[in-house]
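Right, one structure below, let's go through it.
The values are calculated or read from the model by the stated rules, or taken from the named source; none is laboratory data. A quick note: this is a predicted structure, and the numbers were derived from the prediction, not measured. Neighbour counts are summed over all protein chains in view; Cβ atoms, including those assigned to glycine, are modelled from backbone coordinates with ideal geometry. Heads up: the accessible areas ignore ligands, DNA and RNA and are worked out on the full protein's heavy atoms, side chains in. Shrake-Rupley method; radii C 1.70, N 1.55, O 1.52, S 1.80 Å.
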Amino acid sequence: MHFTVMGPGMILVAFLLISLVPVAESTASPRRLVIGVDGGTESIRACCFDAVTGEVVGKSCAVQYPTYHPQPGWAEQDPEDWYHNIGEVVREAVASIPADQENEFCSICVDTTCCSVVALDKDNKPLRRCLLWMDARSAPQSKQILETCEGDPALSVNCGGKGPLSAEWMTPKALWIRQNEPKVWKNAKTICEYQDFINYRLTGEICASSCNAASRWHWDGEECILDDPEGQSRGRPISLYQKLGIPELADKLPTRCLPMGAKVGTLTSAAAEHLGLPEDLPVTQGGADAFVGMIGLGCINPGQMCLITGSSHLHCVVSSDPSTSTGVWGAYKGAPLPGINFAEGGQSSTGSIIRWARNIFGASELSYQELDCEASAIPPGSDGLVALETFQGSRTPITDPMAKGALLGLTLSHTRAHIWRALMESVCFGTRACVEALEKAGHGCDEIVIAGGATRSNLWLQMHADVTGKPVVVCENADAPLLGCAILASVSSGVHNDVHDAVKSMVRIHKKIKPTKRASKIYGAIYNDVYSRVGDSARPVAHAIASLRGGSFEEAEQQHQEPRHQEDEMSAPSQSKARKTTISPSVLAADWSVMKEEVQRCVDAGLTRLHVDIFDGVFLDSPDAFTFGPQMVNAIRRCSAEVFLDLHMCVDRPARYVTAMKEAGANSFIFQWEAMDDVVDAIQLAKAIRASGMQCGVSINPSTPVREIYPLLKTELIAVVDVLAVEPGFGGQKFQAIAVDKVEDLLRLRSDNELAFEIMVDGGINEETVSRTAGADILVAGSYLFQHSESIRSGYRSLQLARIENISSR
């Protein structure tokens with residue numbers, strides 16, 4: 001080994017040579033950034049992230065856009081608002097980056113609401129506003145698809161083919177456009193959604209996200225991303241489209257399909273200027289906000305469950321098994337990423353019932369943490385108080401929109417803290433039911449990663465762990481959709497090799513809560529012995545309640561253009577511009593022992609329309625709610641051949657009475673809306689009534705929102721709407737003011753849509769209340785007329801005069 005030793009002269013020469021070499025200012029590389037964009041329901045948000053670590057750089061910014069509701073149950077947005085606002089929000093996010101070092105943008109990735117459907121013309125311009133994901137007008141089409149395409153393999157993801165199929169999905173919305181807007185359908189070169197439209201505006205490329213297609217379009221997520229030079233139909237449900245009579249949908253949907261994390265293209269010069277970003281910046285494929293959120297939570301391995309909490313709970317479990325089953329949605333092949341699958345469960349009301357409890361307790365001055373503190377002093381099981389969380393129906397494993405909530409075991413010793421804890425526990429029991437259904441279908445989980453509102457309650461987090469028996473994980477960055485976009489963009493731009501590597505570097509666990517043995521044992525006994533049994537036992541009771549008080553029906557739309565029958569009626573004197581008003585006596589208040597004389601008294605008074613209430617004692621479960629059958633209707637008809645008989649059929653299964661009542665001599669058949677299963681059943685009954693030659697009407701209880709019948713009214717099958725101002729079943733009740741608001745709403749609907757139905761106000765009518773029924777065409781009065789101190793004729797004349805005075809005063 002040799003060493004070279006330098007003398008003083010050599011050292012001096014070396015120093016001089018070094019001093020002559022120029023020194024670089026800095027050799028540090030610029031920080032690599034990615035941009036995540038979340039196109040939500042109410043706003044679009046953007047945030048910049050360090051592409052290596054996932055740290056937020058700058059701040060998250062948001063810009064709102066409007067939602068339009070042209071009809072109840074409809075929801076629309078203007079696609080151009082999305083593009084306008086993405087420019088504004090990205091510029092804000094970039095401007096918030098500290099100017100402390102040089103930055104380099106690597107890619108941008110967008111997630112959006114899923115199945116916000118857009119129709120584009122040959123120039124890729126929107127033909128109409130989008131049908132937002134929450135738009136429910138295609139509920140009849142959803143039912144049609146399940147019935148028409150029963151057994152089609154594409155429907156297996158809908159609870160094993162048993163349904164339900166949500167109106168949110170792509171195929172029902174597309175079918176609605178085909179059936180109701182044929183011009184839009186014909187001119188639509190492309191049917192796509194928010195995700196595809198915004199990527200097109202950024203890159204000029206139209207393509208679908210395989211995650212969206214697999215989870216909401218009935219596509220095979222693995223097959224649809226493969227090249228198919230023979231026709232671009234791989235993974236598409238062609239047989240489903242053919243059975244529905246819309247084979248052309250396969251050509252209208254994007255032919256190119258990319259998995260999340262793939263490169264869609266680069267920013268066009270126009271898009272780059274709009275966003276204030278470099279031209280040719282890569283754009284990464286995203287997907288549905290909730291499912292991109294799975295990436296942001298690191299849920300990409302089989303056995304992991306993502307639990308997104310808020311007003312409701314959404315359970316998404318990653319699985320290696322693509323099997324489907326009843327009680328769960330999915331599994332969706334190749335989603336959220338190629339090579340894996342995921343299945344879903346859901347609870348309709350979770351955080352919403354906690355908020356409800358806080359409101360009814362009058363505890364708005366108390367924080368949720370204070371109420372949690374009270375509940376933490378109560379032992380697991382809430383001292384024998386058990387709740388059902390299904391306040392807004394049940395999604396999975398039992399799909400039942402009429403399910404109701406309950407509290408079982410209440411005693412005078414229970415306090416606010418007991419109820420609060422019981423409600424929290426009930427949500428966790430419902431989560432366990434969903435987890436077990438998923439496990440039964442072959443999609444088990446080892447841990448639950450929670451995001452959303454529940455993460456702010458340590459008590460609730462521990463309950464979720466104790467009840468399910470699974471560890472619960474909370475991540476450091478709770479904004480999972482935006483972080484998920486950042487992860488996908490970092491992979492697409494080559495910063496990380498794949499999503500697994502990116503998740504390891506960019507997703508960090510904040511805390512992990514393990515189940516406690518003692519509490520899990522207690523909760524296990526309550527779940528098996530009480531909660532599971534209460535749900536099954538309460539279901540028929542909830543259905544009975546719904547039928548009595550007005551159930552919750554999906555609002556939908558279905559066009560029918562059929563002529564409606566008109567009738568000639570006697571009318572009260574009115575001003576030339578006022579609509580005719582008819583007074584119709586309700587024979588429910590008559591003396592049934594002398595029915596012939598009572599009918600004659602009405603005819604003699606000039607009343608030519610009689611209102612006959614028919615109760616069968618079943619729909620209204622009471623021995624007192626049992627009135628006339630076809631024989632009595634026929635007897636009334638024999639009393640007068642000219643009188644118009646208006647039947648209010650407040651009965652179970654009203655369709656079975658149509659023929660009998662027609663033969664008995666009825667002119668009008670008004671069925672009770674709350675007796676219908678859904679709007680499709682109501683339409684079928686209305687058609688049968690019309691076909692019999694009778695006028696068709698629909699009646700709604702005081703507690704039923706009038707908007708529920710809007711879809712039915714727009715079919716133009718209904719000649720009269722019976723707005724009940726009293727509870728059905730007996731006379732002598734006071735007028736309920738809610739009827740006034742309903743009349744006003746119906747008048748607006750009739751005017752805005754040029755409809756011709758008549759509005760009937762039924763019950764509680766007298767000289768005082770008649771002034772509150774402005775706009776009604778028919779007034780049903782019972783006790784006031786038949787028990788008038790002078791005579792039916794005098795009562796009739798008094799109502800006429802009061803009505804005229806009211807019109808004149810307006």
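Observations on the structure shown:
- For GluC sites (Glu not before Pro), the sites in segment 421-507 that DSSP calls loop and that have at most 14 other Cβ atoms within 10 Å are GLU476.
- Convex hull projection area averaged over all views, segment 424-553, Cα basis, nm²: 11.2 nm²
- On the principal axes of its alpha-carbon atoms, segment 239-369 has extents of 55, 46, 34 Å, going from largest to smallest.
- Relative packing of peptides 94-105, 153-164 - highest average C-beta neighbours within 10 Å first: 153-164, 94-105
- FRET efficiency, GLU663 to GLN787 (Cβ-Cβ, R0 41 Å, nearest 0.05): 0.80
- Segment VAL52-LEU412, extension gain: residue separation times 0.36 nm, minus the distance between their alpha carbons: 123.8 nm
- Taking the C-alpha atoms only, the angle from helix 679-692 to the longest principal axis of the chain is near 30 degrees.
- Residue-by-residue Karplus 3J(HN,Hα) for segment 175-192, coefficients 6.51, -1.76, 1.60, Hz, glycine and proline x: 5, 4, 4, 4, 7, 10, 9, x, 5, 4, 4, 5, 7, 7, 6, 10, 10, 9
- With a Förster radius of 60 Å applied to the beta-carbon distance between ARG456 and ALA691, the computed FRET efficiency rounds to 0.55.
- Calculated diffusion of segment 113-166, Stokes-Einstein form, Kirkwood radius summed over Cα pairs, 20 °C and 1.002 mPa s, µm²/s: 167 µm²/s
- Taking all protein chains into account, the per residue accessible area for segment 30-127 stands at 38 Å² (1.4 Å probe).
- Reach of LYS521 by Cα under 19 Å, taken over aspartates and glutamates that are not fewer than 8 positions away in the same chain: ASP383, GLU425, GLU436, ASP446, GLU447, ASP466, ASP529
- Heavy-atom accessible area per residue - segment 261-370, 1.4 Å, Å²: 31 Å²
- Karplus-derived 3J(HN,Hα), 6.51/-1.76/1.60, for each residue of segment 86-93, Hz, glycine and proline x: 5, x, 5, 6, 5, 4, 5, 5
- Estimated from the Cβ-Cβ distance and a Förster radius of 25 angstrom, the FRET efficiency linking GLU767 and VAL603 is about 0.65.
- Whole-percent P(r), segment 641-797, all Cα pairs, 5 Å bins from 0: 1, 9, 19, 21, 21, 15, 10, 3, 1, 0.
- Across segment 108-203, Cα-Cα distances exceeding 22 Å account for 34% of all pairs.
- The chain - percent relative contact order, Cα under 8 Å, separation 6 or more: 10 percent
- Full-stretch length increase - ASP498, SER794 - with 0.36 nm per residue and alpha-carbon distance subtracted: 97.9 nm
- Rolling a 1.4 angstrom probe over the chain with all protein chains present gives an accessible area of which 51% lies on carbon and sulfur atoms.
- Projecting label points 7 angstrom from Cα along Cα→Cβ for ASP536 and GLU181 puts them 4.6 nm apart.
- Charge dipole (debye, nearest 20) of the chain; +1 at Cβ of Lys and Arg, -1 at Cβ of Asp and Glu: 660 debye
- Each of ALA682, ALA119, GLY535 was scored by the projection of its Cα onto the charge dipole of the chain, and the greatest displacement toward the positive side belongs to GLY535; charges sit on the C-beta of Lys, Arg, Asp and Glu.
- Within the same chain, lysines fewer than 8 places from LYS511 are excluded, and of the rest, those with a Cα less than 16 Å from its Cα are LYS470.
- Close amide H pairs (under 5 Å, H built 1.01 Å from N) link VAL449 with MET305, CYS306, LEU307, VAL473, residues at least 5 positions away or on another chain.
- Share, in percent, of DSSP beta bridges within the chain that are antiparallel, nearest 5: 45 percent
- Separation between Cα centres of segment 705-720 and segment 97-152, rounded to whole Å: 29 Å
- Simple Cβ-charge dipole of segment 84-184, Lys/Arg +1 and Asp/Glu -1, about Cα centre, in debye nearest 20: 720 debye
- Contact order, relative form, for segment 696-751: 38 percent (alpha carbon pairs under 8 Å, 6 or more residues apart, mean separation divided by residue count).
- In this simple spin-label model, placing a label point 7 Å from the Cα along the Cα-to-Cβ direction at both ALA756 and GLN242 gives a separation of 4.3 nm.
- Between segment 171-243 and segment 655-671, the alpha-carbon center distance in angstrom: 46 Å
- Dipole magnitude for segment 350-464: computed about the Cα centre from +1 point charges on Lys and Arg Cβ and -1 point charges on Asp and Glu Cβ, it is near 300 debye.
- Spatial separation of Cα centroids for segment 301-355 and segment 496-511, in angstrom: 21 Å
- Relative contact order (percent, whole number), segment 271-391, Cα cutoff 8 Å, 6+ residue spacing: 18 percent
- For GluC sites (Glu not before Pro), the sites in segment 47-95 that DSSP calls loop and that have at most 15 other Cβ atoms within 10 Å are GLU55.
- For ILE759, distant residues with modelled amide H under 5 Å away: VAL721, ASP777, ILE778
- Under the Karplus curve 6.51 cos²θ - 1.76 cosθ + 1.60, θ = phi - 60°, whole-Hz ³J(HN,Hα) for segment 162-171, x wherever Gly or Pro sits: 7, x, x, 10, 6, 5, 5, 6, 5, 4
- Placing a label point 7 Å from the Cα of THR41 along the Cα-to-Cβ direction, the residues of segment 150-181 with a backbone N closer than 15 Å are 167-169.
- Rh by Kirkwood over Cα pairs, then Stokes-Einstein D for the chain at 0.890 mPa s and 25 °C, µm²/s: 81 µm²/s
- Partner lysines for LYS186 [C-alpha distance under 23 Å; skip if fewer than 8 residues away on the same chain]: LYS122, LYS125, LYS173, LYS243, LYS252
- Additional length obtainable on full extension of the chain from ARG256 to ALA270, 0.36 nm per residue less Cα span: 2.8 nm
- SER107 long-range amide H proximity, modeled H, under 5 Å: ILE35
- Degrees separating the helix 792-809 axis from the principal Cα axis of the chain, which is the longest one: 50 degrees
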